Amino acid sequence: MLILPASFRYALRQFRLSPVFTAAAVLTLALGIGGTTAIFTLIHAVMLRSLPVSDPSRLYRVGDGDDCCVNGGPQDQWGMFSFPLYERLKAATPEFEEITAFQAGRGRLSVRRQGAESAARPLRSEYVSGSYFSTLGVPAFGGRVLTPADDQPGSPPVAVISHRIWQTIYASDPSVVGATLVVEGHPLTVAGVAPPGFFGEMLQSDPPDIWIPLQQEPLINGEGTLLRQPVSAWLRMIGRLRPGAKTDGMAPRVTAVLRQWLQNDSGYPANWMPDVIRTLPKQTLDVIPAGAGVGMMKEEYGRSLQILMSVCGLVLLIACANVANLLLARGVARRGQTAVRLAIGATPRQIVSQALTESVLLAIGGGIVGLFVAMAAARLLLTLAFHSSHFLPISVAPSLLVLTFAFGLALLTGIIFGAAPAWLATRTDPAEALRGSGRGTRDRSSFTRKALLVVQATLSVVLVAGATMLARSLNKLEHQDFGFQVQGRVVVSMNRPPSTYSVPQLTALYRRIEEQLNRLPGVQGSGLALYNPLTDNWGELIMVAGHPAGKIDGESGSSWDRVSADYLQNFGIPILRGRMFTEADNETTAPVALVNEAFVKRFFKTEENPLDQHFGIDLPENAGTYRIVGVVRDAKFAGGGLDRPARPMFYVPLTQTVDYHNDLMKKLELRSHSIYGMMLVTNISPGALEAQLTRILADLDPNLTINSIRTMQQQVDLSFDQERAVAGLAGLFGIVALVLAAVGLYGVTAYTVAQRTNEIGIRMALGADRPQVLQLVLRGAFKRVLIGLLLGLPLAVGAGRLIAAQLFGVSSWDPLALTVAAGALAVCSFFAAILPAARAASISPMHALRID
């Protein structure tokens, strides 16, 4: 039998004798500790976790920008490089034992196993240098990883697949190693399988399924290749430091290489160079630790996690105040017992030690239960924030660090909220306490308990107001006017056609696809586009004929899309001036374009008529390329910035081609004909459409695959996953805070009624009626609530200012949010106080007067 110290045994016996008190304290703490631990679990996974690679502390990244995915000009924060610039920087960093380049962003490639699959499937791909796996220190699970020999011009095409894909798609078949995969119509041999748990150099949802050597990129992308283009920045860099080497002095050296490159070898057009030279002092490169990989998810979710951590911290404070109130009330109820212990020789130190032991045991119990709450809450957060992801390499199981955090937090909590009851226990006057708990005994903890109740009410107001602001902001974001029809539209993301297609072949293919789509039962219309709304977008420097050339560091850029003739009409984007595209705008006619209102405001004066004006992209000689034939309504196409006004946008016909003279512009034009977007006007569910669309594309070309199919409403919802997760969890914790505050008020009011039973009996004996007793109790309860409101409302406004960056269409002093917070606390407080008040009003005066 396990022998526990006397104080532990005594504490456990007391818990057993007070099961309601014990359960309330443990569950209250579990909510506070569990929520805080859940958020810390995600903060650890997203912001603190090291890559699952060998010795991550020696990994350093050159550059720290997180832009994606191809940049054609100077960057505000350098983090992406062209392949020629990567080679130049590689030669300038001898401190690195090895260095690797890898694709910024993820593409999808059509992949099928030769001889075993007739239709392809879309796999997430990443082009990497041959030193990728050795730099990261990642061995193969099966076969071998890529080597520098695989990344040479003319090397046999090979690839490495992820362990997850090997398991889920190829059923852990060992014969996959050495087998041939047909990637975009090109055969590649599977060299090996990556180890389980390896998700690449960056934590993200749906990590790469297949890694391909950089030198195979021209094979797959054909004439649209990026590999040798000096202008196109599309690679990131990570190096492994040599043993004993330091990064001191590396950043100035690579910055000098970058500036020299920009000035002499960047390949930028001549009209860009004056701006490049002028901004050269601002172009810098940093060398930063990369043990946690590329921190895109850290940048994307860091602010939201910090908000949720603050919310959980407030809930934990409320929980601690609640338990402290329980312990204080319990300590007062046990004054007689404490007095007896002191009278028979117990020392104040023993009394304090016992009180702290009980509070620490309660906290540890709350921490243990809180771990289960934490795993459930973390799973809920992941579901809310990444519900569209097929796979996310984040585990909700607590790591050793998280376990240490949880139990350290529990222990600290126990000590903090156990200190006050322990101190008050030593101040008990044995003679006074032994006279009884009636009217002659003073309650020294009364002020403390009331103060804690005020703290609970104050923090509850802050939490509920903040949660209401976030919920209202999300509602305004989701229901704003996007500039196009959301209902009755289904958007499809398809994999681009293989690079073996010529532009005339692509034009014929797209016509056949549209014909097949329009024949589907229940489809009223369709359209094809380079990209659909609320996804990625392309941006270019605009040159307007007759206007000064745009500057690359100024407000001279515009997004654009290539669309079929009926795409904009079918999406409900109205024409405001001029005309829409027609079937006559094809490969045989001069290039035309539609522009939106924001484009007109940015590039034309108020008195100018934009119709029949000409503009082009990137180079002054292209200023006469497109003739504007119409102005359409602003629509928010870009995937980001939905809390800001629509960006300038222009649209060009799907089948028209511009015959550029510049080689780089020719490649840009060619790539823009490989489209990704498809849209249907229909009320048929995506699930019912998927099989039909898959068959249509497979019949036309087995390499054509569907990446995703959603209603436009689902696409809108997807754009606000993070905001929905923050608002939902903040609201949930706000409700928890209200419940805890109500429980605390109920406990204090009930205890006060019990202490004042004799007084209430005297009042009733002297003529006080039930309404007067109710008023007496409720007035005392709401006095603390009112103080909490007066303190909480200004703090709620301050909290609103702290989260102002997360708010859309809602001010930090939003009257509705403050009213909801005040009203919710008042209602909860009323129901919490009315029960003990009613009990007090129902006391018989004779019974009350008999209580000593």
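The values are calculated or read from the model by the stated rules, or taken from the named source; none is laboratory data. Predicted model, so just to flag it, every value in this text is computed and none were measured. Ideal geometry is used to build each Cβ from the backbone, glycine not excepted, and the neighbour counts take in all protein chains shown. These accessible areas exclude ligands, DNA and RNA; they are computed on the full protein's heavy atoms, side chains included. Shrake-Rupley method; radii C 1.70, N 1.55, O 1.52, S 1.80 Å.
Quick rundown of the values:
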| item | result |
| --- | --- |
| Single residue of the stretch 14-73 satisfying the filter (assigned to a helix (DSSP H, G or I) and among the hydroxyl-bearing types (Ser, Thr, Tyr)) that is nearest to VAL145 (Cα to Cα) | SER57 |
| Checking GLY734 against (1) more than 30 Å from ASP209 (Cβ to Cβ); (2) touching a His at 6+ places or on another chain (Cβ under 8 Å), the condition it does not meet | (2) |
| Leading residue by the ranking (least open to solvent (accessible area, probe 1.4 Å)) among those in the stretch 246-265 that are more than 14 Å from GLU95 (Cβ to Cβ) and either out of contact with any helix residue (DSSP H, G or I) (no Cβ under 9 Å at 6 or more places or on another chain) or of a type in the set (S, T, N, Q) (or both) | THR255 |
| Selection count where residues are in contact with a helix residue (DSSP H, G or I) (Cβ under 6 Å, 6 or more places away or on another chain) and over 18 Å from LEU203 (Cβ atoms), scope the stretch 22-61 | 13 |
| GLN505 vs. criteria open to solvent by 20 Å² or more (accessible area, probe 1.4 Å), farther than 30 Å from THR279 by Cα and assigned to a loop (DSSP other than H, G, I, E, B) | no |
| Residue count, the stretch 15-31 (criterion: open to solvent by 30 Å² or more (accessible area, probe 1.4 Å), over 14 Å from VAL743 (Cβ atoms) and in contact (Cβ under 8 Å) with a residue 24 or more places away in the chain) | 1 |
| Of all residues in the stretch 584-631 being acidic (Asp, Glu) and surrounded by fewer than 18 Cβ atoms within 10 Å (Cβ to Cβ), the one that is nearest to LEU509 (Cα to Cα) | GLU587 |
| Single unsatisfied condition, MET47 versus (1) modelled with pLDDT of 80 or more; (2) under 24 Å from the mean Cα position of the chain (by Cα); (3) not hydroxyl-bearing (Ser, Thr, Tyr) | (1) |
| Candidate set from the stretch 158-185 (those that are open to solvent by 30 Å² or more (accessible area, probe 1.4 Å) and within 27 Å of GLY222 (Cβ to Cβ)); member that is modelled with the lowest pLDDT | GLY185 |
| Residue in the stretch 84-100 that is part of a loop (DSSP other than H, G, I, E, B) and open to solvent by 40 Å² or more (accessible area, probe 1.4 Å) present | yes |
| Residues that are open to solvent by less than 20 Å² (accessible area, probe 1.4 Å) and either over 30 Å from ASN537 (Cα atoms) or without any contact (Cβ under 8 Å) to a residue 12 or more places away in the chain (or both), drawn from the stretch 54-69 | LEU59 |
| Meets criteria (hydrophobic (A, V, I, L, M, F, W, C), closer than 30 Å to VAL797 by Cα and open to solvent by 10 Å² or more (accessible area, probe 1.4 Å)) for VAL455 | yes |
| Answer from LEU670, LEU680, LEU664, LEU689 - the residue that is open to solvent by less than 50 Å² (accessible area, probe 1.4 Å), at pLDDT below 90 and either not in a loop (DSSP other than H, G, I, E, B) or not acidic (Asp, Glu) (or both) | LEU670 |
| Some residue of the stretch 514-522 being open to solvent by less than 10 Å² (accessible area, probe 1.4 Å), outside any loop (DSSP other than H, G, I, E, B) and within 23 Å of ARG671 (Cα to Cα) | no |
| Failed item, numbered, when GLY734 is tested on (1) open to solvent by less than 30 Å² (accessible area, probe 1.4 Å); (2) within 22 Å of ALA824 (Cα to Cα); (3) over 21 Å from the mean Cα position of the chain (by Cα); (4) not β-branched (Val, Ile, Thr) | (3) |
| Flag if GLY578 is at positive phi, more than 40 Å from the chain's Cα centre (by Cα) and in contact (Cβ under 8 Å) with a residue 24 or more places away in the chain | yes |
| Per-region count, the stretch 526-555, residues open to solvent by 20 Å² or more (accessible area, probe 1.4 Å) and closer than 17 Å to ASP275 by Cβ | 10 |
| Looking only at the stretch 133-144, and only at residues there that are open to solvent by 30 Å² or more (accessible area, probe 1.4 Å) and in a loop (DSSP other than H, G, I, E, B), the one that is nearest to GLY178 (Cα to Cα) | ARG144 |
| Evaluation of PRO218 against (1) surrounded by fewer than 19 Cβ atoms within 10 Å (Cβ to Cβ); (2) within 31 Å of the chain's Cα centre (by Cα); (3) at pLDDT 90 or above (one fails), failing number | (2) |
| Verdict on SER205 being under 22 Å from PRO52 (Cβ atoms), hydroxyl-bearing (Ser, Thr, Tyr) and either open to solvent by 50 Å² or more (accessible area, probe 1.4 Å) or at pLDDT 90 or above (or both) | no |
| Failed item in (1) open to solvent by less than 30 Å² (accessible area, probe 1.4 Å); (2) not in a strand (DSSP E or B), with LEU123 passing the rest | (2) |
